[in-house]
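Take a look at the structure set out below.
The values are calculated or read from the model by the stated rules, or taken from the named source; none is laboratory data. Source: prediction; values computed, not measured. Quick reminder, even Gly has a Cβ in these numbers, built from the backbone with ideal geometry, and neighbours come from all protein chains shown. In case anyone asks, the SASA skips ligands and DNA or RNA and just uses the protein heavy atoms, side chains included. Shrake-Rupley method; radii C 1.70, N 1.55, O 1.52, S 1.80 Å.
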Amino acid sequence: MVFEVGFVPFNPDGWGPPETTTTATTVPSNVPFAPFSRSDKLGRIADWTRNLNNPSNRRNNNNPNDSVFDFSGDDSFAATADDDSSFRLVDGKPPPRPKFGPKWRFHHHHNNPSRHLPQRRDEEVEARKREAEKDRARRDRLYHNNHRIGGGQHQRREAAVFKSSVEIQPEWNMLEQIPFSTFSKLSFAVPDPEDLLFCGSLDSYDKTYDRLTPKNERRLERFKNRNFFKVTTTDDPVIRRLANEDKATVFATDAILSTLMCSPRSVYSWDIVIQRVGNKLFFDKRDGSQLDLLSVHETSQEPLPESKDDINSAHSLSVEAAYINQNFSQQVLVKEGKKVSFEEPNPFANEGEEVASAGYRYRRWKLDSDMYLVARCELQSVLESNNQRQFLTLNALNEFDPKYSGVDWRQKLETQRGAVLATELKNNSNKMAKWTAQALLGGADMMKLGYVSRVHPRDHFNHVILGVVGYKPRDFASQINLNMANMWGIVKSIVDLCMKLNEGKYVLVKDPSKPQVRIYEVPADAFENDYVEEPLPEEEQAQPPAEDAANGLSSEISVAATDVEDKEITAIP
């Protein structure tokens with residue numbers, strides 16, 4: 001077979017075919033022609049690999065286009081301009097793979113098959129965030145025991161926790177209402193106190209507890225056979241004797257005075273009984289008063305469970321804290337060591353009775369030219385070093401559940417003790433301020449703070465001591481912003497108000513929901529054994545005075561504060 005090349009015209013005047021040629025009839029027939037530019041991709045001229053004997057093409061053998069020069073099926077050329085109208089871009093990405101799992105298996109949605117399948121990555125991320133938010137909200141609801149959460153912020157404690165410490169009876173007559181805002185402006189300086197009497201005995205402090213860490217913790221022991229005394233002012237035989245000897249005008253205890261001094265920091269309700277007898281004033285506490293317990297998480301924003309039976313409720317934690325504090329104050333002492341006995345024995349103990357280590361220091365402060373205050377101050381231990389005797393107060397902070405405070409003592413106490421202390425100052429500001437005030441009133445040289453935690457967050461019977469830290473009371477007071485002049489100013493203003501009252505019995509109650517205190521006149525037999533306090537509905541309880549009366553009292557307090565400032569004496573060094 002001979003391959004014949006057709007006629008190719010020659011152009012002597014330039015490139016390309018001549019303008020007129022007579023070779024149009026010599027061009028091979030059935031050869032497709034398509035215009036193209038220099039940027040187009042050129043295809044094949046002829047495809048000699050095409051199998052013309054394909055059975056599928058045999059019935060079309062008569063088709064003249066079925067030849068090696070037929071490129072109608074080749075996309076290298078655009079056969080017609082109409083083909084461009086059917087051209088469109090398509091997504092070359094592979095379709096999303098279905099999630100094979102128990103959540104996606106055998107769920108056929110005929111109406112919308114892809115309703116639960118995220119079509120884009122951002123939708124998938126948003127779906128994950130929504131699920132995480134639902135889980136978090138569910139955990140919070142369970143954690144806070146049906147506590148309602150709204151707007152992303154925790155509600156403040158409910159009124160059930162904020163109930164009054166004493167039921168207000170209808171026959172009580174409210175005389176005064178003092179907002180805490182007036183206390184911040186008060187200031188009064190007192191001279192150094194005078195020691196009138198020492199009673200009781202003190203055991204020595206065991207220094208080995210200063211080296212405790214969470215890694216070598218010690219189990220908190222129980223001292224069931226030792227008696228602890230929380231005797232009020234008028235039941236103290238020593239104070240009665242001093243009152244008969246006319247040693248002072250005002251009588252109280254360090255627990256009562258510290259409650260008054262730190263009252264602006266308090267959140268929970270408390271009450272103090274005031275008795276005006278002749279020209280003398282006695283500040284007392286009721287039997288079973290809130291002052292005998294220790295508040296826990298009082299100044300925290302995290303709400304506690306409302307149920308009183310819950311081990312993490314405010315009441316349960318207060319009882320647990322008092323139990324821990326008593327046992328801790330006896331465990332950190334030297335067993336069968338040297339005791340320091342004072343002038344008189346423990347005035348509340350019976351002969352042969354095992355009593356806790358406690359020293360009672362009766363001190364007198366001068367409030368005015370003819371007014372003195374005597375208070376019974378309590379110390380828990382003594383430490384003798386370098387032939388010097390130091391008096392100590394012993395108190396314990398307790399951790400009940402790290403989820404509430406956000407700080408795990410076992411992990412942070414050794415490396416970040418400052419952060420642990422700062423958290424406790426935020427959550428228990430009132431309690432720690434009262435401890436500091438009691439150490440200052442008693443003239444303690446050192447206050448020891450123990451860190452006691454539960455063995456397990458759900459076990460409120462067994463505890464361990466993780467560490468003990470000592471502070472000088474004055475340095476610690478300045479660290480927590482506790483001003484002695486302001487504290488004595490509060491006491492002096494309340495004493496001046498009470499000295500204007502007639503003889504009788506009164507009660508000073510901290511409002512359960514507002515930062516203020518009220519003074520009620522109560523019957524002489526109130527809070528006695530034969531006096532039954534029946535709970536009353538809120539609408540039947542005595543109501544606070546009008547705003548005008550409150551404003552008048554505020555101005556009276558301000559005048560009293562001005563008079564106090566004029567009588568300032570040299571501050572305590």
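Key figures for this structure:
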quantity	calculated
Residue count, region 512-528 (criterion: among the small types (G, A, S) and open to solvent by 40 Å² or more (accessible area, probe 1.4 Å))	2
Test: V452 is open to solvent by 10 Å² or more (accessible area, probe 1.4 Å), in a strand (DSSP E or B) and in contact (Cβ under 8 Å) with a residue 40 or more places away in the chain	no
Residue within region 404-423 that is of a type outside the set (S, T, N, Q), under 26 Å from S316 (Cβ atoms) and in contact with a His (Cβ under 7 Å, 6 or more places away or on another chain) present	yes
Identity of the residue in region 184-216, open to solvent by 80 Å² or more (accessible area, probe 1.4 Å) and outside any strand (DSSP E or B), that ends up farthest from Q438 (Cα to Cα)	K215
Checking I465 against (1) out of contact with any helix residue (DSSP H, G or I) (no Cβ under 6 Å at 6 or more places or on another chain); (2) open to solvent by 10 Å² or more (accessible area, probe 1.4 Å), the condition it does not meet	(2)
Answer from S263, S313, S300, S258 - the residue that is touching a Pro at 6+ places or on another chain (Cβ under 7 Å) and open to solvent by less than 10 Å² (accessible area, probe 1.4 Å)	S313
Residue count for region 468-511, restricted to those that are open to solvent by 10 Å² or more (accessible area, probe 1.4 Å), in contact with a Leu (Cβ under 9 Å, 6 or more places away or on another chain) and in a strand (DSSP E or B)	3
Selection within region 184-208 - basic (K, R) and more than 29 Å from L333 (Cβ to Cβ)	K185
Residue within region 373-382 that is exposed (fewer than 14 other Cβ atoms within 10 Å of the Cβ), more than 30 Å from V455 (Cα to Cα) and touching a helix residue (DSSP H, G or I) at 6+ places or on another chain (Cβ under 9 Å) present	no
Verdict on S313 being at pLDDT 85 or above, within 23 Å of Q438 (Cβ to Cβ) and of a type in the set (S, T, Y)	no
Residue that is out of contact with any Asp or Glu (no Cβ under 6 Å at 6 or more places or on another chain) and open to solvent by 30 Å² or more (accessible area, probe 1.4 Å), where the choices are A439, A422	A422
Boolean, D246 is out of contact with any His (no Cβ under 6 Å at 6 or more places or on another chain), surrounded by fewer than 18 Cβ atoms within 10 Å (Cβ to Cβ), in contact (Cβ under 8 Å) with a residue 60 or more places away in the chain and more than 19 Å from S493 (Cα to Cα)	no
Set Q326, Q330: member being in a helix (DSSP H, G or I), open to solvent by 10 Å² or more (accessible area, probe 1.4 Å) and in contact (Cβ under 8 Å) with a residue 12 or more places away in the chain	Q326
